[in-house]
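A short worksheet on the structure shown next.
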Amino acid sequence: MHHLLLVIHLFAATIWVGGHVILSIGFLPKALKHKDPGIITNFEKSYEKIGLPALLLLVISGIMLSYRYDVTISGWFSFKTSIEKVISTKLILLFCTLGLAIHARLFIIPKLSIKSLNFMALHIIVITLIGITMMTVGTFVRFGGF
């Protein structure tokens with residue numbers, strides 16, 4: 001069961017983080033260069049069909065993995081053990097991601113224009129960097145935490 005959860009978690013992370021890396025280095029520069037928010041909007045329409053389910057799978061599998069490491073909800077944000085530090089750090093980064101994603105989805109994407117393109121670019125870059133950071137932090141589980 002643990003291995004299956006880990007595979008699901010890693011596959012979902014590949015989709016979530018990989019999609020944002022592709023957006024950041026493949027589509028965002030073109031959108032900024034041509035001042036065309038449609039490039040971002042078109043990518044988002046296609047990507048959110050797999051990106052949001054991947055994020056949901058990440059959350060569910062991450063919580064289940066947390067419990068398999070004996071870090072239950074009472075241990076979240078306690079930072080007592082090395083594994084709790086990893087899981088708590090990932091949860092903080094997750095909440096940052098969710099906050100940025102919800103803000104972008106509700107307030108930026110529906111009104112995306114040339115004027116708001118730079119603000120959207122900032123969201124994209126920050127969410128991408130958070131995703132990469134979460135993946136890196138997650139690797140410390142293999143070493144017992146940090």
_Would you confirm, using the coordinates I've provided, whether GLU84 is touching a residue at least 40 places away in the same chain (Cβ under 8 Å) and charged (D, E, K, R)?_
yes
*First in segment 37-51 and at pLDDT 95 or above, second anywhere and among the charged types (D, E, K, R), Cβ under 8 Å, 6 or more apart*: ILE39/LYS30
*Unique match (being in a helix (DSSP H, G or I), among the hydrophobic types (A, V, I, L, M, F, W, C) and under 26 Å from HIS3 (Cα atoms)) among LEU56, LEU32*: LEU56
*Within segment 37-46, is there a residue that is within 29 Å of THR89 (Cα to Cα), open to solvent by less than 70 Å² (accessible area, probe 1.4 Å) and assigned to a helix (DSSP H, G or I)?*
yes
_For segment 101-146, which positions are touching a residue at least 60 places away in the same chain (Cβ under 8 Å) and not aliphatic (A, V, I, L, M)?_
SER113, SER116, ASN118, THR128, GLY131, GLY138, GLY144, GLY145, PHE146
_Subset of segment 73-111 [of a type in the set (D, E, K, R) and open to solvent by less than 50 Å² (accessible area, probe 1.4 Å)]_ = GLU84, LYS90
*Are there any pairs with C-beta distances below 8 angstrom linking a residue in segment 58-78 that is without any contact (Cβ under 8 Å) to a residue 24 or more places away in the chain to a residue that is in a loop (DSSP other than H, G, I, E, B) and of a type in the set (A, V, I, L, M, F, W, C), with the two at least 6 apart or on different chains, and if so which?*
SER66/TRP76
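The values are calculated or read from the model by the stated rules, or taken from the named source; none is laboratory data. Quick caveat: nothing in here was measured; it's all calculated off a predicted structure. Ideal geometry is used to build each Cβ from the backbone, glycine not excepted, and the neighbour counts take in all protein chains shown. Just the protein is used for accessible areas: all its heavy atoms, side chains included, with ligands, DNA and RNA removed. Shrake-Rupley method; radii C 1.70, N 1.55, O 1.52, S 1.80 Å.
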